[in-house]
Structures are given as structure tokens and as C-alpha cells.
Amino acid sequence: MAERSSGYIEGMIEEDKRSASASAGKCLVWEDITVVAAQNLRNDATSRKQLLNGISGFAEPHRIMALMGPSGSGKSTLLDALAGRLPANVKMSGDVIHNGNKRRLNCRDISYVTQDDLFLGSLTVRETLEYSAQLRLPSTMTKDDKNEVVEETLTKMGLQDCAENNIGNWHLRGISNGEKRRLSICIEILTQPHVLLLDEPTSGLDSASSFFVIWALRNIAHDGRIVICSIHQPSSDVFNLFNDLLLLAEGETVYFGEAKTAVKFFADAGFPCPIRKNPPDHFLRCVSSNFDKVITALMISQRINYGSSGSLNSEMNLTTDDIKGKLINEYKSSQFSTNARKGSKKSLHCRKNLPPNQTRKIVAAGGGSYAH
Ligand SMILES: Nc1ncnc2c1ncn2[C@@H]1O[C@H](COP(=O)(O)OP(=O)(O)OP(=O)(O)O)[C@@H](O)[C@H]1O
Ligand SMILES: [Mg+2]
């Protein structure tokens, strides 16, 4: 118990500092984000599905945040909500505040790297960036200045060696998948956005390429930017690069706080990470109900006894759904949740100069549209 208290006190002090700075710096804050999708044209209560349920948190400059959770937990939906790019069939309520005010997040403030790499395969890496720079950088900049930005960006993402290679397509062999992912990031950082959102920038990459991508993103964050990226099952080396962690399960927050404190949170909640297990693997195993479904199906069809490895907590007789429920409740009553709300609230109160009717209270339908 004493250990638990000291862990919480350390966490609280660190989290208090973070929530205090959320109000002071140029932060991105999201408060009570709820997203509901109409699954068919009837749009009655039975046909609606809740994708996110009251998610609150904040992201600070100089820090990189991992957005983790099992498949279908709402990671892309949250990124879409933060970027203002929700599809037309969903409704969102809640606030997204950048820099303490309610103004529209314009293109220079926020960039979003989605999962798909869409390029012209016949262009080289440098040509792609040069065209993008011509189109996206201000017309007041000279061509030489724009090319200088292109060179800097290529170096930052380690693409100098393949700058003259074709990107390639189904019939033309080109750059590797890791290089394509880095090129997608290059295009978005050309305009030097303050907030960079990325949906699974490491999907399909091996651990070394993943490490390279997250390392480069961490450097971008260290330049004073906010970086938030969703990621599936990072290796421990990659996980250690993240400052903050938001863990979702079925649209609910399981943990929001410093990445390094998550192990303590799980241990205090009664689900310690086994020694020699990669912490992010453990976090996901605790909240992925799909594991139970797969194992049950295998046991029935192949009459295999998975013993203790089949159930995460066989001694406690808990299903993954039970564990997930316990963790969600534990988070709700924890200091981490209080601090997430405190950070959001303080930032909301910073918006002194704007009249109340400009509050970006979003109840508008579709397209992630921001009401102003
Ligand atoms: N526009 C939509 N209409 C209806 N349901 C949707 C819509 N967008 C997402 N969903 C559902 O919401 C849930 C969360 O989807 P989302 O894509 O955010 O998950 P995710 O965590 O990004 O998953 P993955 O790791 O597989 O990318 C899923 O069950 C998905 O089917
Ligand atoms: Mg996704």
C-alpha cells in the first residue's frame, strides 16, 4: 500500500506539472470527445454506434505521444477528430482547443499523415518534395528558399541517399515501404506544422525501420512541436522513445499520462507486467478481448488446452473484458484522469479574449466540421 501511495504521489507531481504546463504552453487539448456513428440510414438509437466515449487529454510541445489500443479501439477516430477530418456519417461532441483558443485549426497549425501513402510512382523522392513545396509553401518564398526547405526536410528524415530514386508502383520497383512512410512524413513537415498527427506511421515496417521513424518524429517534437501517433504493439526500444501514452479500449481511456508511469499504473491496478515481458505487449494483452475470442475458438475447434497462457489471469478467474473494465474504472478514479481533465479545463479558461458564442462546442454533424 505504501508503495502504491508513493507511486501515485510521484505520478501526481509529474502529472500536476504537466497539466499546469498544458495551460501555459501552446498545447492541443481535447475535452470530453464523444463520437457516435450512424450505422445505417435509419439513424435511430439502435442503429447508432459509440466510437469514442468522453475522451479528455492534452498534448504539449516538445513531446511525442503514443496512441495505443487494440484494433477497433478508436485510435484513427480520435486522430480524425483532432484533425477535424471525421467522415460525414458521424457526430462528435466535445472540444478540441489549440493554443488556448477556439480559432479554426488552419493548415499551417496541424498536419495529418494518414495510413495510406499516395504518390506518383514515376517521380523521384526529391521531385515529389519539390512539387509539394511549390504548392504548399507560401508564394512569398523564393524557389531557392523552398528548395532549401526541401533539402533540410530530406536530411531530417534520412532520405538523402534515395532522393534520386523513383518512388515506384506496381510495375516499377521503387523505394522501400519504410522510405515511403518517411516521405509521407516529409511532405507533412514541409510546412512546419505545430501539431503533427500520424496514423500508424510504422505499420508494415520492421523494428529497425520503426525505430528510425519514431526517432525522427521524436526529433521533430524536440524542435518544439506536438507529435501524436497511433502505433500497434511497439518494441520496447520504440516504446521508450515516447514521452506520453494514451491507451484506448473500445472507445474508452484505459490510461493517459507519461509513458514510463504506465507500468506502475497497471501494477497498482492489480495487473503487473511480468518480468521479461515487453510493457506495451502487456498493456495490449490486458485490454484485447480478441485474444479471448481467438483462444476460445481454438480450444473448441482443436481441443487444445492453452493452460495459463490462454487466460491472462487464470488464477484470478478474470476474462479480458473483466480486466479491461477494472482498468477503465481504475483510470477514471485515478489522479491521471483528474489531471487530464485539469489540463483541459485550465486551457479552456485561457481563452479570455474570445466571446462565449465563439466556443468551439462541437455538436455539428459530419466531416469533423468545427463549429466556430
Ligand atoms: N465512419 C464510421 N462509421 C461507422 N463505424 C465506424 C466509422 N469509423 C470507424 N468505425 C468503427 O469504429 C471503431 C473504431 O474504428 P477506428 O478505425 O478508429 O479503430 P482503430 O483503433 O484505428 O483500429 P485499427 O487499429 O484497426 O486501425 C471500429 O469498430 C470501426 O468499425
Ligand atoms: Mg486505425
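The figures follow:
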quantity	calculated
Subset of the stretch 132-144 [surrounded by 13 or more Cβ atoms within 10 Å (Cβ to Cβ) and not in a loop (DSSP other than H, G, I, E, B)]	SER132, ALA133, GLN134, ARG136
Looking only at the stretch 274-303, and only at residues there that are over 17 Å from GLY72 (Cα atoms) and among the aliphatic types (A, V, I, L, M), the one that is modelled with the highest pLDDT	ILE275
Output for the stretch 110-131, where each listed residue is closer than 23 Å to ASP199 by Cβ, touching a strand residue (DSSP E or B) at 6+ places or on another chain (Cβ under 7 Å) and in a loop (DSSP other than H, G, I, E, B)	THR114, GLN115, GLY121
Filtered residues of the stretch 332-345 (kept if surrounded by fewer than 21 Cβ atoms within 10 Å (Cβ to Cβ) and either of a type in the set (S, T, N, Q) or modelled with pLDDT of 85 or more (or both))	LYS332, SER333, GLN335, SER337, THR338
Count of the stretch 110-131 residues which are in contact (Cβ under 8 Å) with a residue 40 or more places away in the chain and either surrounded by 20 or more Cβ atoms within 10 Å (Cβ to Cβ) or closer than 15 Å to LYS180 by Cα (or both)	15
Scan of the stretch 206-219 for residues that are within 17 Å of the chain's Cα centre (by Cα) and either crowded, with 20+ Cβ neighbours inside 10 Å or among the small types (Gly, Ala, Ser) (or both), ordered by number	SER210, VAL213, ILE214, ALA216, LEU217
Check on ILE220, closer than 30 Å to ILE97 by Cβ and at pLDDT below 95	yes
Lone unmet requirement of (1) within 16 Å of ligand 1 (Cβ to nearest atom); (2) closer than 26 Å to ASP116 by Cα; (3) of a type outside the set (A, V, I, L, M); (4) modelled with pLDDT of 95 or more for TYR255	(2)
Residue ID - farthest from ligand 1 (Cβ to nearest atom), chosen from residues in the stretch 63-100 that are at positive phi and not polar (S, T, N, Q)	GLY100
Subset tally (residues that are farther than 16 Å from LEU198 by Cβ, within 16 Å of ligand 2 (Cβ to nearest atom) and in a loop (DSSP other than H, G, I, E, B)) for the stretch 234-261	2
Test: residue in the stretch 173-182 that is buried (at least 20 other Cβ atoms within 10 Å of the Cβ), polar (S, T, N, Q) and closer than 23 Å to GLY121 by Cβ	no
Test: residue in the stretch 263-270 that is at pLDDT 95 or above, away from ligand 1 (no atom under 16 Å from the Cβ), of a type in the set (A, V, I, L, M, F, W, C) and in contact with an Asp or Glu (Cβ under 7 Å, 6 or more places away or on another chain)	no
Those residues of the stretch 222-233 which are away from ligand 2 (no atom under 16 Å from the Cβ) and buried (at least 24 other Cβ atoms within 10 Å of the Cβ), in sequence order	ILE226, VAL227
Test for GLY270: is it in a loop (DSSP other than H, G, I, E, B), under 19 Å from SER334 (Cα atoms) and of a type outside the set (Lys, Arg)	yes
All positions within the stretch 198-212 that are touching a His at 6+ places or on another chain (Cβ under 9 Å) and either away from ligand 2 (no atom under 13 Å from the Cβ) or hydroxyl-bearing (Ser, Thr, Tyr) (or both)	THR202, SER203
Residue ID - modelled with the highest pLDDT, chosen from residues in the stretch 41-96 that are away from ligand 2 (no atom under 16 Å from the Cβ) and of a type in the set (Asp, Glu)	GLU60
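The values are calculated or read from the model by the stated rules, or taken from the named source; none is laboratory data. This structure is a prediction, so every number in the text was calculated from the model and none was measured. Neighbour counts are summed over all protein chains in view; Cβ atoms, including those assigned to glycine, are modelled from backbone coordinates with ideal geometry.
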